[in-house]
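Trainee: Handing you a structure now.
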Amino acid sequence: MSPHPILAPFPMSRPRRLRRTQGLRDMVTETGLSSKDLIWPVFVTEVEGADIEIPSMPGVSRYTVDSVKGAAEQAAKLGIPAICIFPHSDEALRTETCERAWDPDNIGNRAIRAVKEAVPEMLVMTDIALDPYNANGHDGIVRNGIILNDETVECLERMALVQAEAGADILGPSDMMDGRIGALRRALEKRGHKDVAIMSYAAKYASGFYGPFRDAVGAAGRLVGDKKTYQINPANREEAMRCVARDLSEGADMVMVKPGMPYLDICREVRDRFGAPTFAYQVSGEYAMIEGAIRQGWLSRDVVTESLLAFRRAGCDGILTYFAPQVAEALA
């Protein structure tokens, strides 16, 4: 397409002609949105009484291992192809060595098996990071205040293997350690899990938009310091491109940009520069802002679909969003 479309001068050219009726507008719509573009992130808890609405994420609740089966059935009926499981583990069992992260019977792995039992065709995506099981609230092993890269990667390999064995279809390494994609891919190949896909959180920024998520998984009060030594500086674009290139070269099947709406420029550049399947995560802070404004009457619920269309227009193949069920229902 020419970067400078040829338009006849007014009045021969009247762009409003193609906006006059709904039928005309539908005919020239450039970007589509369907339930197949959505991945639904769900929180699963092992803590008694914690399967309640999350105060900082109105409308979003944690599930138990039993009730997440119903969520998977709901997603399947709505045409949502995948759910992503995030564990809310017992705080009393979180340690500095994070060994529960690769326990086959931890809450995350039990949830994978429960979903696959209820809806075998549902794609299950998981989170690969140590923070749900870490006493320090960090995504990696901490020693003397330093997040250790190589030691963390060894732990992530173990975590990935037990998730694959539990039935996960897509692994989502969100830790941002160097070299972890290559390590995970080699480990999966060696153990016979060659068909398990990796969606790398390749461009994950050190963002302030994650606050409600940390409430949801119980990490907010435990985090010591911040995550700026391993997540990307929000001011940097080329650094993100280098991380995406690295992860693809190490065997990532898909890449993700996180957060979403504040980083649409990164989404577009990743898609255009690499051509790989590109996803974005409409994170907890984005959800809380939109849902909160809707509940206050400051915005109409139409802005939810508008926000997701922005991801698609920016080149994303799909979106992780807490709005997935309500959007899929509206689209249906």
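The values are calculated or read from the model by the stated rules, or taken from the named source; none is laboratory data. Everything numeric in this text was worked out from a predicted model, so none of it was measured. Don't worry about glycine lacking a Cβ; one is built from the backbone with ideal geometry, like all the others, and counts go over all protein chains shown.
Trainee: Tally the residues that are under 21 Å from A328 (Cβ atoms) and in a loop (DSSP other than H, G, I, E, B), restricting the search to the stretch 80-122.
Mentor: Here the count works out to 6.
Trainee: For residues that are within 23 Å of M57 (Cβ to Cβ) and either of a type in the set (S, T, N, Q) or without any contact (Cβ under 8 Å) to a residue 12 or more places away in the chain (or both), tally how many sit in the stretch 196-219.
Mentor: 1
Trainee: Condition test on A82, is it within 27 Å of Q163 (Cα to Cα), of a type in the set (A, V, I, L, M, F, W, C) and free of Cβ contacts under 8 Å to residues at least 60 places away in the same chain?
Mentor: no
Trainee: Kindly provide the set of residues from the stretch 199-226 that are within 23 Å of M289 (Cβ to Cβ), modelled with pLDDT of 95 or more and touching a strand residue (DSSP E or B) at 6+ places or on another chain (Cβ under 8 Å), ordered by number.
Mentor: Y201, A203, K204, Y205, A206, S207
Trainee: Could you look through the stretch 32-61, keep only residues that are among the aliphatic types (A, V, I, L, M) and touching a Pro at 6+ places or on another chain (Cβ under 9 Å), and pick out the one that is surrounded by the fewest Cβ atoms within 10 Å (Cβ to Cβ)?
Mentor: Checking each candidate, the answer is V60.
Trainee: Shifting gears a bit: What is the residue count in the stretch 196-223 for residues that are assigned to a loop (DSSP other than H, G, I, E, B) and surrounded by fewer than 22 Cβ atoms within 10 Å (Cβ to Cβ)?
Mentor: Result for the stretch 196-223: 6.
Trainee: Also: For residues that are over 27 Å from L308 (Cβ atoms) and either in a loop (DSSP other than H, G, I, E, B) or of a type in the set (S, T, N, Q) (or both), tally how many sit in the stretch 4-18.
Mentor: 10
Trainee: Would a scan of the stretch 19-31 turn up a residue that is surrounded by 10 or more Cβ atoms within 10 Å (Cβ to Cβ), touching a residue at least 24 places away in the same chain (Cβ under 8 Å) and either within 18 Å of L309 (Cβ to Cβ) or within 20 Å of the chain's Cα centre (by Cα) (or both)?
Mentor: yes
Trainee: Looking only at residues that are among the charged types (D, E, K, R), assigned to a loop (DSSP other than H, G, I, E, B) and in contact with a Ser or Thr (Cβ under 7 Å, 6 or more places away or on another chain) in the stretch 39-78, which one is nearest to A168 (Cα to Cα)?
Mentor: Ranking the qualifying residues of the stretch 39-78, first place goes to E46.
Trainee: While we're here: Please work out if I107 is out of contact with any helix residue (DSSP H, G or I) (no Cβ under 9 Å at 6 or more places or on another chain), aliphatic (A, V, I, L, M) and at pLDDT 95 or above.
Mentor: no
Trainee: If D265 satisfies all but one of (1) out of contact with any helix residue (DSSP H, G or I) (no Cβ under 9 Å at 6 or more places or on another chain); (2) buried (at least 16 other Cβ atoms within 10 Å of the Cβ), what's the number of the condition it fails?
Mentor: If we test D265 against (1) out of contact with any helix residue (DSSP H, G or I) (no Cβ under 9 Å at 6 or more places or on another chain); (2) buried (at least 16 other Cβ atoms within 10 Å of the Cβ), just (2) comes out false.
Trainee: With the requirement that a residue be surrounded by fewer than 17 Cβ atoms within 10 Å (Cβ to Cβ) and basic (K, R), what does the stretch 276-332 give you?
Mentor: Answer for the stretch 276-332, where residues must be surrounded by fewer than 17 Cβ atoms within 10 Å (Cβ to Cβ) and basic (K, R): R295, R301, R313.
Trainee: In addition: Of the numbered conditions (1) more than 30 Å from M254 (Cβ to Cβ); (2) touching a residue at least 12 places away in the same chain (Cβ under 8 Å); (3) exposed (fewer than 13 other Cβ atoms within 10 Å of the Cβ), S13 fails exactly one; give the number of that condition.
Mentor: (2)
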